[in-house]
Amino acid sequence: MKEIQLTRGYIAIIDDKDFDELSKYAWSARVMSDGRVYAWRSCLTSELQSMRLFSIGMHRQIMDCPKGMHVDHRDGDTLNNTKSNLRICTNAENSRNSKAPKNNTTGFKGVSIQNGRIYGRIKFEGRDIHLGRFDSIQDAAIAYDEAAIKYFGEFARLNFPQTDNAF
């Protein structure tokens, strides 16, 4: 593995065989509103005889990602741009591998407390699937993990990943 220095003191990790190509460019750190950091660079392209400036993410360049598709970072580390950590996916698949939102009060994906009761739920293909009412937050989190494996497969981001032997 090699490192590419970004602006703001950030470093992106890449495979050795991608270093020669990627080190030709000046890469910047793009900090998103949720705190995720991506490596980006500016490009100039000729499109229908006119020059156009645009940006491309390092992860998209490495995977030669087609328009309309996304690149998912398996481990959630957006600066780990090794090919073993990247996969081309749909927007829905990319969302399935997201972390619990920062405003989550239970600390677990798919778990909520309403009127003192603990519920588990998962969203799949636009619909909410209620997993039930639970006696503990941990039980609801385990139910979410089981449902995530069932519905999301390899894109499931689990509450308890060390117990995941499905993959």
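The values are calculated or read from the model by the stated rules, or taken from the named source; none is laboratory data. The shown structure was predicted, so the numbers you read here are calculated from the model rather than taken from an experiment. Heads up, the Cβs are rebuilt from the backbone with ideal geometry, glycines too, and the neighbour counts pull from every protein chain shown. Surface accessibility is based on the protein's heavy atoms, side chains included, excluding ligands, DNA and RNA. Shrake-Rupley method; radii C 1.70, N 1.55, O 1.52, S 1.80 Å.
Summary table below
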| item | result |
| --- | --- |
| Residue selected from the stretch 93-107 under the condition among the hydroxyl-bearing types (Ser, Thr, Tyr) and assigned to a loop (DSSP other than H, G, I, E, B), by the criterion most open to solvent (accessible area, probe 1.4 Å) | 105 |
| Counted residues, the stretch 118-166 - those being assigned to a helix (DSSP H, G or I), of a type in the set (Val, Ile, Thr) and open to solvent by less than 90 Å² (accessible area, probe 1.4 Å) | 3 |
| Filtered residue count, the stretch 61-72, keeping only those that are without any contact (Cβ under 8 Å) to a residue 12 or more places away in the chain and either within 11 Å of residue 43 (Cβ to Cβ) or not charged (D, E, K, R) (or both) | 1 |
| Criterion violated by residue 23 - all others in (1) open to solvent by 70 Å² or more (accessible area, probe 1.4 Å); (2) within 25 Å of residue 53 (Cβ to Cβ) satisfied | (1) |
| Number of the exception - residue 67 against (1) surrounded by 15 or more Cβ atoms within 10 Å (Cβ to Cβ); (2) under 18 Å from the mean Cα position of the chain (by Cα) | (1) |
| Conditions (1) of a type outside the set (Asp, Glu); (2) open to solvent by less than 50 Å² (accessible area, probe 1.4 Å); (3) over 30 Å from residue 64 (Cβ atoms); (4) part of a strand (DSSP E or B): number failed by residue 87 | (3) |
| In the stretch 87-123, residue farthest from residue 135 (Cα to Cα) [restricted to those that are small (Gly, Ala, Ser) and in contact with a helix residue (DSSP H, G or I) (Cβ under 9 Å, 6 or more places away or on another chain)] | 92 |
